[in-house]
Amino acid sequence: MKHMKKITAAVLVAALLFVSVPVASAIDLGDILKDAAIIVGGGAVVKALGPQLNDFINTLTFNKNAKYEGYTKVVPIVSFGDGTAIGAAQIGGQDKAEVDRTQAVARLEGQFNRIGLAAMIPIDALNPLKQFKRVQGVGVTAIIDVKL
């Protein structure tokens with residue numbers, strides 16, 4: 001049963017990545033609307049799968065004696081830099097109210113000489129194209145990606 005839940009979660013995350021980008025690309029209303037479609041569509045799928053992914057990560061880390069001691073949940077990652085992308089991350093914090101307030105993780109990418117950098121910032125908005133604030137006291141505890 002647990003194996004089936006893992007497979008179902010992986011398939012749904014893969015579907016998110018394969019479906020949201022082509023659908024957004026078909027919308028020829030400009031980059032901002034395309035980015036918003038990816039963020040909103042992808043964010044909805046991540047939110048729907050979040051509890052199951054969060055339970056899976058917590059079980060995995062518990063089994064490896066690396067359990068997070070605090071509150072956790074899974075939220076979308078929205079990347080900025082070379083195009084817009086969507087992913088998922090588990091965030092954690094000691095204050096449940098701050099974890100609950102966190103809606104997404106903004107991934108800001110940059111280049112320092114020939115070194116690529118990525119800052120992972122927990123934020124209080126699902127769509128960072130609008131105004132958002134960093135959520136203090138919350139950090140990223142796991143990254144969820146799909147191997148292509």
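The values are calculated or read from the model by the stated rules, or taken from the named source; none is laboratory data. Because the structure is predicted, anything quoted here is derived from the model rather than measured. Backbone-built Cβ (ideal geometry, glycine too); neighbour counts: all protein chains shown. For accessibility, only protein heavy atoms count, side chains too; no ligands or nucleic acids. Shrake-Rupley method; radii C 1.70, N 1.55, O 1.52, S 1.80 Å.
Residues that are crowded, with 17+ Cβ neighbours inside 10 Å, of a type in the set (Lys, Arg), within 16 Å of the chain's Cα centre (by Cα) and at pLDDT 90 or above: does segment 68-90 have at least one? Checking segment 68-90: at least one residue is crowded, with 17+ Cβ neighbours inside 10 Å, of a type in the set (Lys, Arg), within 16 Å of the chain's Cα centre (by Cα) and at pLDDT 90 or above. Look at segment 126-144: where a residue is polar (S, T, N, Q) and a partner is surrounded by 15 or more Cβ atoms within 10 Å (Cβ to Cβ), sitting 6+ places away or on another chain with Cβ atoms under 6 Å, you get Asn127/Ile39; Thr141/Tyr68; Thr141/Gln90; Thr141/Gly92.
Report, by residue number, each residue of segment 112-138 that is open to solvent by 100 Å² or more (accessible area, probe 1.4 Å) and either modelled with pLDDT under 90 or closer than 15 Å to Ile86 by Cβ (or both). Working first, answer last.
First, pick out the residues of segment 112-138 that are open to solvent by 100 Å² or more (accessible area, probe 1.4 Å): 112-114, 130-131, 133-134, 136.
Lys130, Gln131, listed by residue number.
Total residues in segment 91-144 satisfying the condition of being out of contact with any strand residue (DSSP E or B) (no Cβ under 6 Å at 6 or more places or on another chain) and of a type in the set (Asp, Glu): the figure is 3. Out of all the residues in segment 103-110, is one or more over 19 Å from Lys133 (Cα atoms) and modelled with pLDDT under 90? Yes, segment 103-110 contains a residue that is over 19 Å from Lys133 (Cα atoms) and modelled with pLDDT under 90. Against the criterion of being more than 17 Å from Thr141 (Cα to Cα), within 17 Å of the chain's Cα centre (by Cα) and crowded, with 17+ Cβ neighbours inside 10 Å, Asn58 does not qualify.
Are any of the residues in segment 30-45 more than 15 Å from Gly139 (Cβ to Cβ) and at pLDDT 90 or above? Among the residues of segment 30-45, not one is more than 15 Å from Gly139 (Cβ to Cβ) and at pLDDT 90 or above, which makes the answer no. Is it the case, given these coordinates, that Val146 is at pLDDT below 90, in contact with a helix residue (DSSP H, G or I) (Cβ under 6 Å, 6 or more places away or on another chain) and surrounded by fewer than 17 Cβ atoms within 10 Å (Cβ to Cβ)? Considered against the rule, which asks whether it is at pLDDT below 90, in contact with a helix residue (DSSP H, G or I) (Cβ under 6 Å, 6 or more places away or on another chain) and surrounded by fewer than 17 Cβ atoms within 10 Å (Cβ to Cβ), Val146 comes out as yes.
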